[in-house]
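Everything below concerns the one structure shown next.
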Amino acid sequence: MSALGRSASVTDTGRRRRHNEDAYVCEPPLFAVADGMGGAQAGELASGLAAAALRDESSELSGGEQRVDGLIQEANRRIYERQSQDASASGMGTTITVALVEEGHVAIGHVGDSRAYLIRDRKLEQLTEDHSLVAELVRSGKLSPEEAEGHPQRSVITRALGTDPDVDVDTFSIETQAGDLFLLCSDGLTSMVDDDTILREVERNRDDLGKAAKALVRAANKGGGEDNITVVFFEIGGDVDHEHEHTVALPPVEGDDDEDTLDEHHGVPPVRVERRDENGHAGRRALFALLALLTVIALCGVAVWGLWRSHFVGAETDGHVVVYQGLPWNVVGNVKLYRPVYVSPLVAAQLSQGERQQLFDHHLRSDASARAQVRRYEEQIGAG
């Protein structure tokens with residue numbers, strides 16, 4: 001049996017948020033990360049309730065995946081009851097990713113878009129599957145992974161605690177080896193830092209998990225710090241090979257840097273310049289410039305017309321379905337080419353995966369058509 005080794009945790013508000021709506025549990029052998037959502041400070045309340053439920057129910061920590069599912073269901077029950085009874089907390093919810101270390105394996109339960117990773121043999125593997133609108137679009141082939149990275153609605157989750165009396169929990173187990181390092185984190189890390197950078201920072205600070213956690217937070221803030229950032233590490237102990245403690249030096253580039261440099265000895269032939277009618281050439285340049293200007297003006301006119309006439313259906317970061325006016329794109333500097341014109345009481349997590357794919361296909365529609373489609377679902381679910 002490989003014993004549970006070191007653990008570390010850190011949370012940070014980030015650069016754009018006033019409150020930290022993340023919560024975590026780092027109480028071996030139980031670990032968790034929760035990322036709250038909701039108006040005012042309801043997200044902070046939801047994630048706090050989830051973490052408290054795990055701590056309150058942690059006296060009996062055996063039973064693997066079934067036990068993890070039970071812990072998450074209890075957390076969901078508490079949040080759902082609170083938001084049902086307290087109008088100020090209505091619509092609140094939270095993601096949660098839980099890990100329970102047992103003999104020879106780790107049981108994991110997951111809801112939302114926080115993540116669990118395994119670092120083994122200097123390789124980083126994502127263990128959980130995001131329950132998010134963009135992840136569904138990628139899995140269905142409607143978006144590429146590259147398009148998903150900059151998608152304006154990449155933070156919209158499709159499954160969360162607190163939105164229904166029962167929640168569908170992904171559970172699975174990972175067989176452990178000595179030296180395995182597990183990482184739980186909120187999307188404030190993964191939306192700002194790519195997998196290669198995560199692995200590089202962990203490897204650079206592998207002998208001090210606290211430093212590794214802080215390094216990941218710094219990297220997320222350096223990348224923009226647009227959300228709260230929470231990192232939890234735990235390690236499987238045993239006879240760890242210390243040769244894996246690791247500043248990796250890249251080998252020098254072989255060959256002479258000057259090999260591909262041309263000089264006078266390479267015999268480059270001279271370029272023959274022919275004189276032309278300069279007045280005629282200048283006239284053609286002016287004509288081409290005028291045509292280019294007219295083309296740009298026409299394209300701008302089409303774009304403005306498109307922004308005014310086009311509508312599509314999406315969702316806000318709190319999960320509410322929205323009709324937007326404009327085009328579903330962000331441009332340089334995170335400038336949005338759309339604005340909300342109707343916010344529905346319907347929440348994306350209330351829809352089935354098939355309904356979400358049909359509703360959030362980002363086909364451009366008229367205002368009336370987009371609103372009618374949303375209201376049809378409101379009537380079916382009783383959210384209107």
Length gained, S352-A292, 0.36 nm per residue minus C-alpha separation, equals 16.8 nm
Each label sits 7 Å from Cα toward the beta-carbon; between D164 and D86 the label points are separated, in nm, by 2.4
Expected unfolding gain across R200-R285 under the 0.36 nm per residue rule, minus the alpha-carbon gap, is 25.4 nm
Here the tail fraction of P(r) beyond 10 Å, over all Cα-Cα pairs of the stretch 62-101, rounds in percent to 72
In whole Å, largest first, the alpha carbons of the stretch 85-220 cover along the principal axes 47, 37, 31
Whole-percent tail of the Cα-Cα distance distribution for the stretch 19-128, cut at 20 Å, equals 39
On the accessible surface of the stretch 27-124, probed at 1.4 Å with all protein chains in place, carbon and sulfur together account for a percent value of 42
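So, by mean Cβ neighbours within 10 angstrom, what's the order for 176-182, 128-134 with the highest one leading?
On the way: 176-182: 19.4, 128-134: 21.3.
Sorting 176-182, 128-134 by mean packing, highest first, produces 128-134, 176-182.
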Could you sort out which of K142/K336; K214/K336; K123/K222; K142/K222 sit more than 28 Å apart by Cα distance in this structure? K214/K336; K142/K222
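Using the eigenvalues of the Cα gyration tensor, what equivalent ellipsoid semi-axes result for the stretch 136-178 when each is taken as the square root of five times the eigenvalue, whole Å, largest first?
Working: eigenvalues 129, 82, 20 Å².
Semi-axis lengths for the stretch 136-178 are 25, 20, 10 Å.
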Could you give the distance between the Cα centres of the stretch 20-45 and the stretch 215-229, to the whole Å? 17
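The values are calculated or read from the model by the stated rules, or taken from the named source; none is laboratory data. From a predicted model like this one, the values you see are computed outputs, not experimental measurements. All Cβ positions, even for glycine, are placed from backbone atoms using ideal geometry, and neighbour counts span all protein chains on display. Quick note on the areas: whole protein, heavy atoms, side chains included, nothing else; ligands and nucleic acids left out. Shrake-Rupley method; radii C 1.70, N 1.55, O 1.52, S 1.80 Å.
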